[in-house]
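Only one structure is covered here, and it is reproduced in the block below.
Values quoted throughout were computed directly from the atomic coordinates according to the rules given, and no laboratory measurement underlies them. Quick caveat: nothing in here was measured; it's all calculated off a predicted structure. Neighbour counts are summed over all protein chains in view; Cβ atoms, including those assigned to glycine, are modelled from backbone coordinates with ideal geometry.
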Number of protein chains: 2
Amino acid sequence: MSQLSTWVQIPNNSDFTIYNLPFGIFQNKRLSPRAGMAIGDKIVDLSVLHQEGFFAELSQLPTDIFVRASLNDLIALGKPVTRKIREKVQELLLADNESLREHQCRGKAMVNRKEAKMLMPVQIGDYTDFYSSIEHATNVGSMFRDPENALLPNWKHLPVGYHGRASSIIPSGVPIHRPKGQYKDPHMEAPEFGPSRRLDFELELAFVTGKSTKMGDSISTSDAEDHIFGFVLFNDWSARDIQAWEYVPLGPFLGKNFASSISPWIVTLEALEPFRLSGPKQDPQVLPYLACKKDHSFDLNLEVYIQPEGKSESRVCISNFKHMYWNIAQQLAHHTVNGCNINVGDLYASGTISGKTPDSFGSMLELAWKGTKPLDLGEGVFRKFIEDGDTVIMRGFAQKDQIRVGFGEVNTKVLPTK
Amino acid sequence: MSQLSTWVQIPNNSDFTIYNLPFGIFQNKRLSPRAGMAIGDKIVDLSVLHQEGFFAELSQLPTDIFVRASLNDLIALGKPVTRKIREKVQELLLADNESLREHQCRGKAMVNRKEAKMLMPVQIGDYTDFYSSIEHATNVGSMFRDPENALLPNWKHLPVGYHGRASSIIPSGVPIHRPKGQYKDPHMEAPEFGPSRRLDFELELAFVTGKSTKMGDSISTSDAEDHIFGFVLFNDWSARDIQAWEYVPLGPFLGKNFASSISPWIVTLEALEPFRLSGPKQDPQVLPYLACKKDHSFDLNLEVYIQPEGKSESRVCISNFKHMYWNIAQQLAHHTVNGCNINVGDLYASGTISGKTPDSFGSMLELAWKGTKPLDLGEGVFRKFIEDGDTVIMRGFAQKDQIRVGFGEVNTKVLPTK
C-alpha cells in the first residue's frame, strides 16, 4: 500500500489513521445518534457528507441512512456500498484533496471525538462465543480437568462455540455491577449465594456479519469473508465461581450473561488487509468443509490494562490475535454448516486470546493461575481477580511500517453489586 | 369461573374457546400481517375492532398498534392494556352481546382461520432453553453418564439453562431441512461429516416475556409472572449425533441451532389461571431467591404425533407440563439474579417435558431409548429417530369441567438435507 497523508491532524500513535476509517454510531449534545467514521481526534459525520452530495455516485443510498440508531441498515446495503463509502471518505481526507477541506460544511462534518458519546454500533440479533485459542483451552483444561489431557477430544476437529446473551452487550464506557449468584466451592457442603468472588475479564475480538443467509444454507470458508463486515474488541466478562458451579452439562449461563463489553468502532476487514497472515498449522487435518484456500488470520496486537480506583493503569497482558488456532472463515463455515441462518449485525467473539507466555494470557484466571499467583499492579496493589472500583481497559492495534490501524479501546468500570 | 357462552360457533374440542383468546400475527391474501385473536375457526382482526372504536376506553392505544408485523409493541404496552383488550374481546363475543354480533363490520372483523397464514407472533431478541424436567434430566443422565448418579450435583439447586439461537426459531407449518454436521460415534477413529443420522424432537413449552428490565436488576419469584405474557408450544429440534460430539465443555451448539419450531398463538397467563397448581416438592430446599410464595405450575396436557409421508399420524407421547421440577417464576428469578437484563419478546423454553412413564417421555432419544426400542407407528412403520418426510406435530390443551384452553399445534415437516 502506498503511503497516504491527510489534511486532518493525526496525533502520534493514533489508532484512527487515514488507513483505518472505522464505522460507529455516535451522538453529542447537539446531534441525535448517527453514523460516523473516526479519523484522528475527529469523527466524520457521514450524514453531512451525504446531505452535501459527496456520495452522489451511490444513487441507491437512502436519504436518512446515516441518521439511524444502528449501522444495521447501512451494513445491509452490502460491501460494494460500504466499501465505496469508506473509499470516498478516504479520498476526501487526502492531503491534496480540497473538496471537503475547503468546503463550507467542513466544520459541521468534522465532529470532536472528545465531545461525542459512542453508542452500540449495531443492534445485535444473535451473539456467539467461540473458544478458538489453543493456549487458552489448554490452560483452562489443565486447571480444571487434567494437565495430561488438557484439550478435549473434539477441540482440534471443530471450532467449539456456544450461544451467548445479546441483550447485555454494552459499549465501552458503560459501567457494570458485580453479579450475584450461586457458587459451590469444593470445600462447601451446599451452594451459597452472594456477589461473585471471582470476577474476571476475557480478552477477545469479535466480528460482525454484514450479509444474512436463509435457513438451510451454509457458507463455505471461501465465501465467509464476504459475510464479515468488521471487528471490535470484546470483553467477555465472566464470574468464575458462578460459571464453575453451573456449566455442566449445558455450558456457561449466568457466569457470562450479566455483561459483555465492546469497543464502539467497527474496524472493517478492508482496513485489516495489510495485516493478514497464515494461522498456526492445524494437525490433524481438518474435515474438507473447514479447509481454507487463503489466509484468514491477522497480526493484531492486543493489550489489557487494569486501573484500580484512584490509581494509574497497569498493563497485565500483551497478546496477539494471530495466535488463534481456528480462524474466522472456519468459525463462520462451521456455524452455518448445519443450515443455521445468520443476520446482519450478529456478533461472533473469538474466545479468550491467550499466547504461549504467561504475560500473554487473556484472563485473570490464567494470568494469576487460579488465584495462586497474584498480579503486582504496582503502588502496593495486587490482584487475583477484578475488584470493585477497578476499570478494565482493552486496546488493540496493528502496525506495519508506516501503517497503523487500531480499535481504540473498550473501557469498563466495575461497580459493587446492585 | 362461571360458564360463558359465545355467539361464535365453536367446534367440539376446539382449543380456541371463549376462555382462551390467544394473541397471534396472521396474514391472508387480502390482509397484510396484523394482530389477531383466535376463536373457534375464526380470527378476530383486532385492527378492525380498533378502527370501529371498540377499544375507545384504552385512550393510549396507537392507531396502527394492531397492524405491525409482530406483537412486541403491543405487549410492551403492559399487562393492564393487553388484559383489557382480551377482556373487551371476550365481552364482545358473549352470546348476549349484540354490539359486534350485529355490527356492519362483523364480516370484516371475523376472518377465517383456514385462509390465514400464521407468522411468528413476536420478534425474539434472546432465546433461553432450560432443562427443568427431572425425568428428562434423569433419563439423559442415565443413558450418557451414570444411571446411579444420573442427576448432576447442581441440578436440584438451580434451574440449569443455556442460551440458544433466536434467528432459527420458526412458526408451525414451516418445513426444516435435515442438518449436516460432524459426528464421532464411539466406534469411529475420527469424526465424520454428513447429514445427521439421529434427528430428534424435544417436546417443550416456552414463555414470552412482556416487560423488560435494566442491566443489574433482578426479578423476584413473586414478581416474575408480571413479566410473563404467555406461552407457546416449542419443538426444540435436536441432532443427537452432532450434539454428542460437540457439547463438552460449552454446551449444545450446532446440534440445536439449525431450527426450533413454535405454535403461533400466544396463550396468555390469564387464560391458564384455572389450571394453576403446585409443582413437585423440591428437596433439598432451594436457596431463598428461588423460594416461591404461590403456585406457578400448570396442568397442561401435551402430546406428540409423528406422521410419516403418505401415512396417518400416530401419537408417540402423552405428557403434562405439571411434571416440571422447576417452575417459570424460578426460571425467570434465576435468569436475572445476576443482573442479566431481559426484553419484551424474549423466549424461554422449559426443556424437554418428560413424565414418569415411558409413553410420557418427550423426545425420541428417550421414547426409543437411544435407538434400542424402536417405536411402532402402525402400518408397518417403525422409528428410532425422525426420518425425511416425517411430520412432527405437538399439541397441548388444558381442560377443567367445561373450560378448555389449548395451544393449537406446532406442525413441522422434515425435508432431506439441502
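With the contact rule set at Cα under 8 Å and sequence spacing of 6 or more, what percent relative contact order holds for chain A?
21
Treating only the Cβ of Lys, Arg, Asp and Glu as charged (+1, +1, -1, -1), what charge dipole size does the stretch A:298-418 show about its Cα centre? Round to the nearest 20 debye.
Here the size comes out at about 200 debye.
For A:N13, place a label point 7 Å from Cα along the Cα-to-Cβ direction in every copy; what are the distances to the other copies, in nm, shortest first?
7.6
Go through the stretch A:117-128 residue by residue and turn each phi into a ³J(HN,Hα) via Karplus (6.51, -1.76, 1.60, θ = phi - 60°); whole Hz please, and just put x for glycine and proline.
Those phi angles translate into 9, 8, 10, 4, x, 10, 8, 8, x, 10, 10, 10 Hz.
Can you list the aspartates and glutamates whose alpha carbon sits under 15 Å from that of B:K418, skipping same-chain ones fewer than 8 residues off?
Result set, ordered by chain and number: A:D217, B:E387, B:D388.
Anything over 20 Å Cα to Cα? Flag those among B:K256/B:K413; B:K29/B:K114; B:K156/B:K281; A:K356/A:K400, in the order listed.
A:K356/A:K400
Taking the simple approach of a point 7 Å from Cα along Cα-to-Cβ for both A:Q9 and A:K114, what is their distance in nm?
Result for the modelled spin labels: 1.1 nm.
Considering Cα pairs under 8 angstrom that are at least six residues apart, work out the relative contact order of the stretch A:23-118 and quote it in whole percent.
Taking the mean separation of contacting Cα pairs over the length of the stretch A:23-118, I get 37 percent.
Of A:I176, A:G378, A:N20, whose Cα points farthest to the positive end of the dipole of the protein assembly as shown (charges on the beta-carbon: +1 Lys, Arg; -1 Asp, Glu; origin at the Cα centre)?
Farthest towards the positive end: A:N20.
Which angle from 0 to 90°, rounded to the nearest 10, does the C-alpha axis of helix B:134-144 make with the longest principal axis of chain B?
30
Would you kindly work out, in nm and rounded to one decimal, the distances from the label point of A:E87 to those of the same position in each other copy, ordered shortest first, with label points 7 Å along Cα-to-Cβ?
Label point to label point, same position, other copies: 6.3 nm.
For the stretch A:23-118, what class follows from the C-alpha gyration tensor (a ≥ b ≥ c being the square roots of its eigenvalues): rounded when a/c is under 1.5, otherwise prolate if a/b is larger than b/c, else oblate?
Taking the square roots of the gyration eigenvalues as a ≥ b ≥ c, the stretch A:23-118 is oblate.
Taking the simple approach of a point 7 Å from Cα along Cα-to-Cβ for both B:T357 and B:K84, what is their distance in nm?
4.7
Charges on Cβ only, +1 for Lys and Arg, -1 for Asp and Glu, centred on the Cα centroid of the stretch A:195-287; of A:I228, A:I242, A:V208, which one is farthest towards the dipole's positive end?
Of the listed residues, the answer is A:I242.
Select from B:V304, B:S319, B:L287 the residue farthest towards the positive end of the dipole of the stretch B:270-327; place +1 on Cβ of Lys and Arg, -1 on Cβ of Asp and Glu, and compute about the Cα centre.
Positive-end residue among those listed: B:L287.
How many angstrom separate the Cα center of the stretch B:115-172 from the Cα center of the stretch A:1-69?
44
For the stretch A:23-118, give the magnitude of the charge dipole about the Cα centre (Cβ charges: +1 Lys/Arg, -1 Asp/Glu; no others), in debye to the nearest 20.
With only Lys, Arg, Asp and Glu charged at Cβ, the dipole is about 440 debye.
Tilt of helix B:79-93 relative to the longest C-alpha principal axis of chain B, in degrees (0 to 90, nearest 10)?
So the helix axis and the longest Cα principal axis differ by about 60 degrees.
Chain A: longest stretch without exposed GluC sites (Glu not before Pro) (DSSP loop, at most 13 other Cβ within 10 Å), sites themselves excluded?
Between exposed loop sites, the widest span is A:190-308.
Can you tell me the FRET efficiency between A:K400 and B:V248 if r is taken as the Cβ-Cβ distance and R0 is 41 Å, rounded to the nearest 0.05?
FRET efficiency, A:K400 to B:V248: 0.55.
At B:C105, label 7 Å along Cα→Cβ: distances to the other copies, nm, ascending?
Reported distances to equivalent positions: 4.6 nm.
How much length is gained if the chain between B:D299 and B:D226 is pulled fully straight, taking 0.36 nm per residue apart and subtracting their Cα-Cα distance, in nm to one decimal?
Contour length minus the Cα-Cα distance gives 24.3 nm.
Using label points projected 7 Å from each Cα along Cα→Cβ, tell me how many nm separate A:S312 and B:D41, to one decimal.
A separation of 8.2 nm, rounded to one decimal place.
By the scheme Lys and Arg +1, Asp and Glu -1, what is the net charge of all other residues having a beta-carbon under 14 Å from that of A:T268?
Summing Lys and Arg as +1 and Asp and Glu as -1 gives +1.
Could you tell me which trypsin sites (Lys or Arg not before Pro) in the stretch B:259-308 are loop residues by DSSP with no more than 14 other beta carbons within 10 angstrom of their beta carbon?
Here the sparse-neighbourhood loop sites are B:K281, B:K293, B:K294.
What is the Cα convex hull volume of the protein assembly as shown when expressed per residue in Å³?
Dividing the Cα hull volume of the protein assembly as shown by its residue count gives 178 Å³.
Which chain A residue sits with its beta carbon nearest the axis carrying A onto B, and how many Å away is it, rounded to a whole number?
Whole-Å result, nearest residue of chain A to the axis: A:G251, 1.
If the only charges are +1 at each Lys and Arg Cβ and -1 at each Asp and Glu Cβ, what is the size of the charge dipole of the stretch A:127-415 around the Cα centre, to the nearest 20 debye?
For the stretch A:127-415, the charge dipole is close to 120 debye.
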